[in-house]
Amino acid sequence: MSKTWLSVAALSGFLCVALGAFGAHALKNVLDSYGRDIYDKAVLYQMFHTVALALVGLLQRQNEALALAPVGWLFICGMILFSGSLYVLALTGMKWLGALTPFGGLAFLCGWLWLAYLLLRGK
């Protein structure tokens with residue numbers, strides 16, 4: 001699974017840079033300040049969790065016995081639900097998408113707790 005986490009992290013990192021540049025340049029005069037803040041938050045959280053997913057891949061490579069698959073999937077789900085819903089909300093103004101965002105945040109939180117548990121367990 002380490003190859004999967006590292007590959008997804010690399011693709012997500014590419015998307016973070018591309019979406020960040022798109023937001024800074026192409027959307028500069030399209031989004032109002034509220035939309036820009038939402039869009040920037042999506043890029044920021046995606047990048048944080050891209051780095052975290054790369055960490056999961058490196059930890060998995062170091063110790064194949066660690067049950068890190070749920071952590072990786074939770075981070076990916078969080079990126080899709082949290083950042084994805086914020087991207088679409090910023091671009092479309094469809095406020096009902098904000099209802100998905102907390103589920104992405106919950107996925108992030110669960111991923112971090114699972115990672116902490118596995119590392120503290122020390123097996």
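The values are calculated or read from the model by the stated rules, or taken from the named source; none is laboratory data. Keep in mind that this is a model prediction, so the values were computed, not measured. We place every Cβ from the backbone using ideal geometry, glycine too, and count neighbours over all the protein chains shown.
Looking at the stretch 68-106 only, could you name the residues that are outside any helix (DSSP H, G or I), under 26 Å from Phe22 (Cα atoms) and in contact (Cβ under 8 Å) with a residue 40 or more places away in the chain?
Going through the stretch 68-106, the residues outside any helix (DSSP H, G or I) turn out to be 68, 93-94, 100.
Going one step further and asking which of them are under 26 Å from Phe22 (Cα atoms), we end up with 93-94, 100.
Across the stretch 68-106, the qualifying residue is only Gly93.
Counting just the residues of the stretch 64-101 that are among the polar types (S, T, N, Q) and within 16 Å of Arg36 (Cβ to Cβ), which one comes out farthest from the chain's Cα centre (by Cα)?
Looking only at the stretch 64-101, we keep the residues that are among the polar types (S, T, N, Q), and these are 83, 85, 92, 101.
After this cut, where a residue has to be within 16 Å of Arg36 (Cβ to Cβ) as well, the list is 83, 92.
Numbers: Ser83: 6, Thr92: 20 Å.
It comes out as Thr92.
Hey, among Ala26, Ala90, which residue is aliphatic (A, V, I, L, M), farther than 30 Å from Gly122 by Cα, out of contact with any Ser or Thr (no Cβ under 9 Å at 6 or more places or on another chain) and surrounded by fewer than 17 Cβ atoms within 10 Å (Cβ to Cβ)?
On the way: Ala90 fails: surrounded by fewer than 17 Cβ atoms within 10 Å (Cβ to Cβ).
None of the other options fit; the residue is Ala26.
Identify all residues within the stretch 1-34 that are over 18 Å from Leu59 (Cα atoms), part of a helix (DSSP H, G or I) and of a type outside the set (Gly, Ala, Ser); write none if there are none.
Leu11, Phe14, Leu15, Cys16, Val17, Leu19, Phe22, His25, Tyr34
Here are Ala65, Ala54: which of them is in contact with a Leu (Cβ under 9 Å, 6 or more places away or on another chain), in contact (Cβ under 8 Å) with a residue 24 or more places away in the chain and among the aliphatic types (A, V, I, L, M)? Break it down stepwise before answering.
On the way: Ala65 fails: in contact with a Leu (Cβ under 9 Å, 6 or more places away or on another chain).
Just one listed residue meets the conditions, Ala54.
Would you say Val17 is surrounded by 14 or more Cβ atoms within 10 Å (Cβ to Cβ) and free of Cβ contacts under 8 Å to residues at least 40 places away in the same chain? Walk me through how you get there before you give the answer.
Details: surrounded by 14 or more Cβ atoms within 10 Å (Cβ to Cβ): no; free of Cβ contacts under 8 Å to residues at least 40 places away in the same chain: yes.
So Val17 does not fit the description; no.
For the stretch 50-79, how many residues meet the condition of being touching a helix residue (DSSP H, G or I) at 6+ places or on another chain (Cβ under 7 Å) and under 17 Å from Leu15 (Cβ atoms)?
Looking only at that region, the number is 11.
Yes or no: Leu113 at pLDDT 95 or above and under 13 Å from the mean Cα position of the chain (by Cα)?
Details: at pLDDT 95 or above: yes; under 13 Å from the mean Cα position of the chain (by Cα): no.
Considered against the rule, which asks whether it is at pLDDT 95 or above and under 13 Å from the mean Cα position of the chain (by Cα), Leu113 comes out as no.
Only one residue in Lys28, Lys41 is at pLDDT below 95 and over 19 Å from Ser7 (Cα atoms). Which one?
Values: Lys41 fails: at pLDDT below 95.
Selected residue: Lys28, the only one of Lys28, Lys41 that is at pLDDT below 95 and over 19 Å from Ser7 (Cα atoms).
Just a yes or no: is a residue in the stretch 70-83 modelled with pLDDT under 95, crowded, with 16+ Cβ neighbours inside 10 Å and of a type outside the set (A, V, I, L, M, F, W, C)? Break it down into steps so the answer makes sense when it comes.
Within the stretch 70-83, the subset modelled with pLDDT under 95 is none.
Taking every residue of the stretch 70-83 in turn, none turns out to be modelled with pLDDT under 95, crowded, with 16+ Cβ neighbours inside 10 Å and of a type outside the set (A, V, I, L, M, F, W, C).
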